[in-house]
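These notes are about the structure you will find just below.
Any read-out appearing in this document is the output of simple, stated calculations on the displayed coordinates, not a laboratory observation. Every value quoted in this text rests on a predicted model; they were computed, and no experiment measured them. Neighbour counts run over all protein chains shown; Cβ positions are idealised from the backbone, glycine included.
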Amino acid sequence: MQYENRQPDETVNYSSEHPLREFAWLVFGLLGVVAIAAALIGFFAGEIASRLPFSVEKDYARRISQHWQDKPRDVAAEEARAALRAIAAKLAPVMQLPPGMEIQVHYAPDAVANAFATLGGNVVFYRGLIEKFDSEDAVAMVLAHEMAHAKLRHPAASLGRGIAVGLTLSLISVGLGEGAAGSALQTAGVLPLLSYSRRQESAADAEAMAALAAVYGHVGGARDIFDVFARLQPSSTQVTILRSHPLTAERMASIERTAAQRGWKLDGARRPLPPALARLKRARQDKP
């Protein structure tokens, strides 16, 4: 028997696919799996977080941040805070807040046109936004909208999603995941972690309009705030509310649809701004 040492066929283990193409498929496939996992985990984490007892959320909010806590300020600021809390006190009884939930309204003297709800039932209202309104009805609509976010536990859901997404990103990079989760924890007590979904915004709008109709007899304040927001320049760095509260023609039109469905009056007499808030507006207008 005769043996020979033949050279292997050069086409063995040879693929017509470029190796970089195969690598790209692997990378994008992995990213796709992680993205789907992050979305699913984030959704369920948000649902779980929003169902925790409110006392847990309130205690956590108290421990992680003192940013919104009221500090000694001038008389005008104290009067403005008292006026905002008086409006919130009118709204709270008709909003059917969950047992044990108390809304704490805080006033920020900054010129930023913004208002937001954060953990623990805390609502922050900025001077810059007060200056945009001409009636108590408009201020009440914004307050009721933010109170509705707190009632529906949207800030807690956002926190849960933010942490869950950060942990899921750890599958790709430990540093990236820890950074995202850490950022969520650090900013949780100050601002909403993620912009609210269209479903959440619509739910908060409906709750706020119901409160407005019950207290003021019509929902004209809702129309007023969207008219004001529509005139503001989204590119302005001072108008941060436009980044956290998306404005669309559909959302503005939904006011009329919802009012018609619920039998609410679309318009009516406006109540003037409380004296403390009116003074803030005048002081701004008097500045050169």
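Using a 10 Å cut-off around each Cβ, can you sort Leu159, Leu84, Leu266 from fewest to most neighbouring Cβ atoms?
Leu266, Leu84, Leu159
Taking the Cβ of Leu91 as the center, what net charge do the other residues with Cβ under 12 Å away carry, scoring Lys and Arg +1 and Asp and Glu -1?
Net charge around Leu91: -1.
Which of Val139, Val105, Val124 has the fewest other C-beta atoms within 10 Å, and how do the rest follow up to the most?
Ordered by Cβ neighbours within 10 Å, fewest first: Val124, Val105, Val139.
Separation between the Arg62 and Ala82 pseudo-spin-labels, each 7 Å from Cα along Cα→Cβ, expressed in nm?
Result for the modelled spin labels: 2.5 nm.
Please order Leu52, Leu119 by the number of other Cβ within 10 Å, starting at the fewest.
By the 10 Å Cβ count, ascending: Leu52, Leu119.
Computed FRET efficiency, Cβ-Cβ of Leu266 and Val75, R0 35 Å: what is it to the nearest 0.05?
The formula returns an efficiency of 0.40 here.
Modelling each spin label as a point 7 Å along the Cα-to-Cβ direction, I'd like the Arg284/Glu131 distance in nm, to one decimal.
For Arg284 paired with Glu131, the spin-label model returns 0.5 nm.
Give me the net charge for the shell around Lys265: Cβ to Cβ below 15 angstrom, other residues only, Lys and Arg +1, Asp and Glu -1.
Net of charged neighbours comes to +1.
If you take the charge dipole of segment 90-160 about its Cα centre, with +1 on Lys and Arg Cβ and -1 on Asp and Glu Cβ, which of Leu91, Ala138, Gly120 is farthest toward its positive end?
Gly120
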